[in-house]
Structures are given as structure tokens and as C-alpha cells.
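Asks: Take this structure, written in C-alpha cells, and hold onto it; I'll ask about it next.
Throughout, read-outs are computed from the coordinates displayed, never taken from laboratory work. The structure displayed is predicted, hence computed values, not measured ones. FYI the Cβ positions are ideal-geometry reconstructions off the backbone, even for glycines, and counts take in every protein chain you see.
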């Protein structure tokens, strides 16, 4: 029996048919990343088929994966940021979102933070690990929470933190000590049961808050984007912003936050109005 994909036998699969399949998957709403994964799996299968003599050519090598248009990065405007902070400060559980906004840390980096990573004396946070939910490919447990090192060396970083965050973190530490929560991992943000907070629960909590406040189209990553934008607006140089965010290159930071750089430059150029008059 010949291996098949949909109604098409692999031995009869042509470049144009495969290209059409990928374009259709993309048009129907699958992300470019998902289509890339489909191609990776199929490429491996066809490579095996070529080796076994079932086909003479791996057509995956001749197709082009549709490109995903870069999504607009939602940045909180100052009024939204002020409204959100006012709400977050009502509940110490929500301090993790304030940390995201004040430091630009990624969700997984925040959920993996331990008190050993917090240096109150020097006002710094150390980022050396990240929490994520990963596939296990096991029958009984399809996914699990896992701690891993950051993907790049630049993601490992020491971040100076703003003064206003220090008393909030100290209060958090005292509350955890006074509570009955068992915290074996010494987490800054343990769950009610003392383990890691699931990234999905982090997202659900955030969406519940912004829905209540009526802040449209914001998502958990908006906190990181807002931090970067505020930093550049305040005059923090691009290289420092890159290092704070843990980007692997300064080009990534520049490309992501061109809007903030342009706005800042526009304000700076206004200073020349008194020089070039008439």
C-alpha cells in the first residue's frame, strides 16, 4: 500500500499540488509556523520514501512555505497603562503582571523566578530560566510544565529594576511567608498549591482583568511591548533596551519598536524649531 496524504498518493504528489495544499492550509487560518511543521513532517516521510524506492524525488524541497505577516504589536497607551496599574495594585497576586510591565520579562521568565533571583540590596533581577508547557508524546500525559534555560545566551541577563517595584516585591515575599502556601521551589509567584503557575492560567487571569477594564486587543505580551516602548520614549538607548529585553541582536529591537524610535526622534527634532526658523 502506498502512503497517502488526504486524497493524494505520495507517489503521485507533484510540486504544484503540494504548494496548493500549503496555500490552502494557510488561507484557512493555519499559521505559517504550523504549515512549516507540516512540511517538516512530510519532508521526513518523503525522504524515507525516496530511500525505500517508493518515489524518485522529495517534492518538499521545491515548494515555498507561505509567510506569516507580522502581527501588530499592541502597546498600551499611557491612559490604559495607568488604569491597568491601578487595578493590578489591588491584588498582590497580580504583581506578576506589574513585573512584566516594569521589567519587560517574558511570561515564562516571570513564572520561573525564584527569590534567589531577586537581589534587593542591588535592586536587580536575574534571568536564568523559563517555564513553559511542552509536549511529552506520552499516552497518559500529553503535556507537562518544564523549566528550561533561555534559548539564547543574551536571554540570560541581570536586570536593574525601578525603585517602585522593590517595596512591592518585599511585600510579596512577606505575604508568602505568612501564608500557608508550601513553596518548595522558592518561587516569587507560586500557585495556590505551591507549584508553578500554568502559563495558560497566567493568560486567563490577564484577559479577565483587561476585559473588566475594557482595554481592547491587549494580550499578555502587550506588557513587554509597553515596557520597551516606554523605555525608548524615555530616552533609554537602543542597545540598553535590547539587553534589558534579552534580544539576540540590536536589529531585532530596532525592527520591533520602530514606531517608538520615530516618535522619540520626532520629539527631539522639535528642539530644532528654534534653530531653523523662517
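Asks: Taking the chain as a Gaussian network, Cα atoms linked when under 10 Å apart, which of 193, 44, 249 shows the biggest mean-square fluctuation?
Replies: 44
Asks: Something else now. Determine, from the Cβ-Cβ distance of residue 114 and residue 272 and an R0 of 51 Å, the FRET efficiency 1/(1 + (r/R0)^6), rounded to the nearest 0.05.
Replies: Numbers: r = 49 Å, r/R0 = 0.96.
The computed FRET efficiency comes out at 0.55.
Asks: Restricting to DSSP H runs of at least four residues, report the calculated mean residue ellipticity at 222 nm for the chain, -39500 (n - 2.57) per run over all residues, nearest 500 deg cm²/dmol.
Replies: That comes out to -14000 deg cm²/dmol.
Asks: I would also like to ask the following. What order do you get for 264, 259 when you list them from fewest to most C-beta neighbours inside 10 Å?
Replies: Details: 264 17, 259 12.
The most exposed by this proxy come first: 259, 264.
Asks: Let me ask something else. Give the Rg (one decimal place) followed by the Dmax (whole number) of the stretch 147-187, computed from C-alpha coordinates and expressed in Å.
Replies: Spelled out, the Cα radius of gyration and Dmax of the stretch 147-187 are 14.2, 37 Å.
Asks: If you don't mind, another one. Under a GNM of the chain (C-alpha, springs under 10 Å), which listed residue has the highest mean-square fluctuation: 189, 120, 227?
Replies: For the chain, modelled as a Gaussian network with Cα springs under 10 Å, the answer is 120.
Asks: Given a cut-off of under 8 Å on Cα pairs at least six residues apart, what relative contact order in percent is computed for the chain? Mind dumping the intermediate values first?
Replies: Details: 314 pairs, mean separation 48.3, N = 278.
It comes to 17 percent, rounded to a whole number.
Asks: Also: Can you compute the radius of gyration and Dmax for the stretch 70-204, using only the Cα atoms, both in Å?
Replies: In Å, with Rg to one decimal and Dmax whole: 15.7, 48.
Asks: Using label points projected 7 Å from each Cα along Cα→Cβ, tell me how many nm separate residue 163 and residue 252, to one decimal.
Replies: 3.3 nm
Asks: Assuming 0.692 mPa s and 37 °C, estimate D for the stretch 123-278 with Stokes-Einstein, Rh taken as the Kirkwood radius over Cα pairs, in µm²/s.
Replies: Numbers: Rh = 19.0 Å.
Taking Rh from Cα pairs, D becomes 172 µm²/s.
Asks: Based only on Cα atoms, what mean projected area does the convex hull of the chain have, in nm²?
Replies: Values: hull surface 89.8 nm².
Projected area, direction-averaged: 22.5 nm².
Asks: Going by alpha carbons, how many degrees (0 to 90, nearest 10) lie between the helix axis of 78-88 and the longest principal axis of the chain?
Replies: Result, in degrees: 80.
Asks: With springs connecting C-alpha atoms under 10 Å apart, model the chain as a Gaussian network and identify which of 258, 154, 56 has the largest mean-square fluctuation.
Replies: In the Gaussian network model the winner is 56.
Asks: Then there's this: How big is the convex hull of the Cα atoms of the stretch 225-278, per residue, in Å³?
Replies: Values: hull volume 4.3 nm³, N = 54.
Cα-based convex hull of the stretch 225-278, divided per residue, equals 79 Å³.
Asks: Further, regarding this structure: Could you list 60, 52, 94 so that the one with the fewest beta carbons within 10 Å of its beta carbon is first and the one with the most is last?
Replies: Working: 60 21, 52 9, 94 17.
Starting with the residue having the fewest Cβ neighbours, the order is 52, 94, 60.
Asks: Mind pulling the angle between the C-alpha long axis of helix 199-213 and the longest principal axis of the chain? Nearest 10 degrees, somewhere in 0 to 90.
Replies: With rounding to tens, the tilt is 60 degrees.
Asks: Relative to the longest principal axis of the chain, what angle (0 to 90°, nearest 10) does the C-alpha long axis of helix 258-269 take?
Replies: Roughly 40 degrees between the two axes.
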